[in-house]
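Below you'll find the structure, written out as structure tokens, and then a few comments.
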Amino acid sequence: MSKPVSKFYLGVDIGSLTTKVVMVDEESRIIARATGRTGFSGREVASRLAASLLIELQLSEKDVAATVATGYGRVTFPADREMSEITCQARGIYQLFNKAETVIDIGGQDSKVIKVLPGGKVSDFTMNDKCAAGTGRFLEVMAGALEVDVKELGGLAEEASDSCSISSICTVFAESEVISHIAAGRTKPDIVAGVCNSVAARVAALTARTGLAPDVVFTGGVARNKGVVNALAAQLGTRLLIPDEPEITAALGAALFARDIAPKNKPCV
Amino acid sequence: MAEQRRYRPLASTRQLEKTMTRYYALTRYHRLWGRPLRRPLAWVTSGAPVELLLAFNIHPVYPENYGAICGTRKVSAKLCKVAEAAGYSQDLCSYARSHIGSIMRPDLAPMGGLPRPDLLVACNNICGTVLKWYEALARIFNVPLLVLDTPYLPGEVTGHAVGYVHEQLKEMAADLEKITGRRFDARGLEKRLLLSKETISLWREIREFCRAEPSPLNAPDLFIHMAPIVVLRGTKQSLKYYRQLRDEVKHRVDQGLGAVENEKIRLVWDNIAIWYRLFAFFKDFSQRGACFVTDTYSGGWAVELSPGDPLESLASTYTEIFLNRSLEFRARQMIDLIKDFNAHGFVMHSNRSCKPYSLVQEVIRRQVMRETGVPGLMVEADMADSRVFANEPVKNRVQAFIETLEA
Ligand code: SF4
């Protein structure tokens, strides 16, 4: 006996700070997405977000033909397959920007540079040393010290007139630098610009390892921060393409892989 | 998840254990036989010209090998903390810190620490760290320290460099005459060199077998089975051991048996092993059919002795050690290994402890990728200090790398 196969594919990206889920259809189009704070149990958050997508789309679990999980919590989630976010990121970006050769991704506790081959295959990648400098976490800590919301950092940086210098790469020491700039009466915009420059400098150094080939796409939540975007573009001397929803591209890649691995139009018994 | 794969054990491992247990038992009870037999115990660096010491009937003991043991037994972090509390920097090599920690707190140390040395011999062909490490040891134990200074080789070895080291070896021989009360025995040295030569050629042969597909050995095998050629170089015991291992490895090749079941990906390893995660780390690879068919580290003991009269041969052999050589030499070495062993990629352990080994790796990585077209992964860790190891980020990189190779 055969029945029609379901035609939706789920990508789940459980990152260190946020969890993202993306549903694509048979034509690889994003039809729904959701994001949430990872918190204590990424798995639960991901399941809740996935359930909310199903409700939104008026689908049931049976309609999801395959699921691929990625990100730090990938092994905790009951998916058909788990893949590293480097592979997923490259795939997602290739879908959106098929001329991309370099992907710069700044996530919660990782920053990475991926060299992409035509077709979305990874040819090389480098990641930050195991420390939080040059990552989303770094920005969060600095925002905390400045008592502003992370989302405000980009706007503040644009108001800077004379950016401060933040020289320490250690997050804790950089935080104390920020505090001493505050004590010295520097303006918030100038300090924020310094923080953004510092993140950009770390990531630019990473980029030097893999080399920089256009087009260059900048993804991850930090790509929404104009201060970092401008600083990075200036330091790299290149234009940066930014997806409309820069935080969900790895989840998109995972969803596309789910589409690849799902049994194709085979009658289910 | 990939299905579990079985890792093929080597029967020679039992003999290896016997050989090493015997060596460490003799070492441990040296105080009972050393003095009556007039055989002093020397702590030596891994690149010291040990054949000369053996010719004087000295019993050599390797704090670096002991550091690896501390790493494998997962006690390095504790011992490092002891050394750090005494003022040694956290940036100092973790072999040095583990060893110094083991002297201060033998109760925390494997085998209760190494027995006291009668003398110390350090050669800076592997790094500059050993000079200060051994100076500290000389102060702690108040025993003679002999240093062999091998000039760094930016290109090929020069007559001048060999001459300079040769002169020092003569002096060292004279010093050893005074320390041991024995005459320098040129014939004895030749015998030792001959034993080394034969052992080295067996180790080479064993490694060459790994060109076979599937490879009979994986990197953890190489790292474990290199122990005798490190601590028993120039002895009959190591020669005997490698004959047995050679036969077993040859048998595997004849039978088409691979170390990793279902070998699909062949890789080259660069730098010292991550001792405290030796199997766990490589399992992430072997589970997906990836085998490390050769490496630069245990290959350091497979370099043939230079020709010439015994002391001259020692002089150039120990000056030409790969850690004492240029970036170009090291890159060429990787490129050749990748080609000769038909490898699909390589992994470099950026080892926080070992600066001479690690600092130039990123440049080498790019050069090798450019020339061979195969991808190379950099993993940040430390050979012995497990506090430096971040499991999740490492696993993540490894998985991404294997996915790249599988794509
Ligand atoms: S720094 Fe490197 S070469 Fe020197 S003793 Fe430590 S591990 Fe060995």
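Worth a mention:
- Accessible area of B:Phe282 (1.4 Å probe, protein heavy atoms only, ligands and nucleic acids ignored): about 10 Å².
- When all protein chains stay in place and ligands, DNA and RNA are ignored, the 1.4 Å accessible-area order of A:Phe173, B:Phe346, largest first, is A:Phe173, B:Phe346.
- Compactness of region B:227-346 is given as radius of gyration and Dmax, 16.5, 49 Å, from Cα positions.
- Accessible-area rank, largest first, for A:Lys20, B:Lys170, B:Lys395: B:Lys170, B:Lys395, A:Lys20, with all protein chains present and a 1.4 angstrom probe.
- Most simply put, chain B has about 5% antiparallel DSSP beta bridges, counting only bridges with both residues inside it.
- Filtered chymotrypsin sites (Phe, Trp or Tyr not before Pro), region A:1-97: DSSP coil and at most 11 other beta carbons within 10 Å: A:Phe40
- Within the protein assembly as shown, helix-based [θ] at 222 nm, where runs of 4 or more DSSP H residues each add -39,500 (n - 2.57), nearest 500: -14500 deg cm²/dmol
- For the peptides A:180-190, B:242-252, residues were scored by their other Cβ atoms within 10 Å and the scores averaged per peptide; the highest-first order is B:242-252, A:180-190.
- Computed on chain B, with alpha-carbon pairs under 8 angstrom and 6+ residues apart, the relative contact order is 20 percent.
- Fully extending the segment from B:Asp254 to B:Ala407 would add 52.0 nm, taking 0.36 nm per residue of separation and subtracting the current Cα-Cα distance.
- Residues in region A:146-168 that a label on A:Ser176 would reach, taking backbone N under 17 Å of a point 7 Å out along Cα→Cβ: A:146, A:166-168
- Where a label projected 7 Å from the Cα of B:Glu328 along Cα→Cβ would reach, residues of region B:357-383 with amide N under 19 Å: B:360-372
- Between B:His344 and B:Arg266, B:Leu267, the built amide H atoms are under 5 Å apart, and every one of these is 5 or more places off in sequence or on another chain.
- For chain A, averaging the sequence separation of C-alpha pairs within contact (under 8 Å, six or more residues apart) and dividing by the residue count gives a relative contact order of 26 percent.
- Share of carbon and sulfur in the accessible heavy-atom surface of region B:13-185 [1.4 Å probe, %]: 53
- Per the Debye calculation on chain A with a single equal scatterer at every Cα and no solvent contribution, log₁₀ I(q)/I(0) for q = 0.12, 0.13 Å⁻¹ amounts to -0.71, -0.82.
- Per-residue surface analysis assigns B:Lys81 an accessible area of about 110 Å², computed on protein heavy atoms at 1.4 Å probe radius.
- Counting Cβ atoms of other protein chains within 10 Å of each residue's Cβ and taking the mean over peptide A:232-242 gives 0.
- Taking label points 7 Å from Cα along the Cα-to-Cβ direction, B:Glu171 and B:Trp33 give a separation of 3.4 nm.
- A probe of 1.4 angstrom, applied to the heavy atoms of all protein chains, finds A:Cys170 with accessible area near 50 square angstrom.
- For A:Lys151, the aspartates and glutamates whose Cα comes closer than 15 Å to its Cα, not counting residues fewer than 8 places off in the same chain, are A:Glu140, A:Glu159, A:Glu245, A:Glu247.
- Accessible area of chain A divided out per residue, in Å², using a probe of 1.4 angstrom: 44
- Gyration tensor over the Cα atoms of the protein assembly as shown: the corresponding equivalent ellipsoid has semi-axes (square roots of 5 times the eigenvalues, largest first) of 52, 30, 22 Å.
- DSSP finds beta bridges in chain A, and of those with both partners inside it, around 65 percent are antiparallel.
- Scoring B:328-337, B:156-165, B:94-103 by mean Cβ neighbours within 10 Å over their residues and listing the highest first yields B:94-103, B:328-337, B:156-165.
- Calculated from backbone phi, Karplus (6.51, -1.76, 1.60) coupling profile of region A:20-25 in Hz, x at Gly/Pro: 10, 10, 9, 10, 10, 9
- Nearest-ten-degree value, helix B:129-141 long axis tilted from longest Cα axis of chain B: 40
- For region A:82-99, 3J(HN,Hα) per residue [Karplus equation, 6.51 cos²θ - 1.76 cosθ + 1.60, θ = phi - 60°, Hz, x = Gly/Pro]: 10, 9, 6, 6, 5, 4, 5, 4, 4, 5, x, 5, 4, 4, 8, 9, 7, 9
- Accessible heavy-atom area order of B:Arg116, B:Arg352, highest first, probe of 1.4 Å: B:Arg116, B:Arg352
- Amide H contacts of B:Asp295 (H built 1.01 Å from N, under 5 Å, at least 5 apart or other chain): B:Trp269
- Projecting the Cα atoms of B:Leu245, B:Val165, B:Gln15 onto the dipole axis of the protein assembly as shown, where Lys and Arg carry +1 and Asp and Glu carry -1 at the beta carbon, places B:Gln15 farthest toward the positive end.
- Prolate/oblate/rounded call for region B:201-287, Cα gyration tensor, a/c under 1.5 rounded: oblate
- Packing, taken as the mean count of other beta carbons within 10 Å per residue, orders the peptides B:311-323, A:113-125 from highest to lowest as B:311-323, A:113-125.
- Rounded, prolate or oblate (a/c below 1.5 giving rounded, otherwise prolate when a/b exceeds b/c) for chain B by Cα gyration tensor: prolate
- Cα gyration tensor shape for region B:1-155, rounded if a/c is under 1.5, else prolate or oblate: rounded
- The C-alpha atoms of region A:99-242 occupy a region whose extents along the principal axes are 51, 29, 22 Å, arranged from largest to smallest.
- Rounded tilt (10° steps) of A:188-210 against the dominant C-alpha axis of chain A: 60
- Percent antiparallel among DSSP beta bridges (both partners in the protein assembly as shown, rounded to 5): 40
- Distance cut-off 16 Å, percentage of C-alpha pairs in region A:1-115 lying past it: 61
- Farthest toward the positive end of the dipole of region A:99-242, out of A:Val222, A:Ala205, A:Ala132, is the Cα of A:Ala205, where the dipole comes from beta carbon charges about the Cα centre.
- The C-alpha atoms of chain B define a longest principal axis, and helix B:310-319 lies at about 50 degrees to it.
- With a 10 Å cut-off around each Cβ of B:386-399, the average count of Cβ atoms from other chains is 4.
- In this rough spin-label picture, where each label sits 7 Å from Cα along the Cβ direction, the B:Glu261-B:Lys240 distance is 3.5 nm.
- Counting, for every residue in A:84-92, the Cβ atoms of other protein chains within 10 Å of its Cβ and taking the mean gives 4.
The values are calculated or read from the model by the stated rules, or taken from the named source; none is laboratory data. Owing to the predicted nature of the structure, the values given are computational and were not obtained by experimental measurement. For neighbour counting, all protein chains shown are included, and Cβ atoms are generated from backbone atoms with ideal geometry for every residue, glycine included. SASA here: full protein model, heavy atoms, side chains in, ligands and nucleic acids out. Shrake-Rupley method; radii C 1.70, N 1.55, O 1.52, S 1.80 Å.
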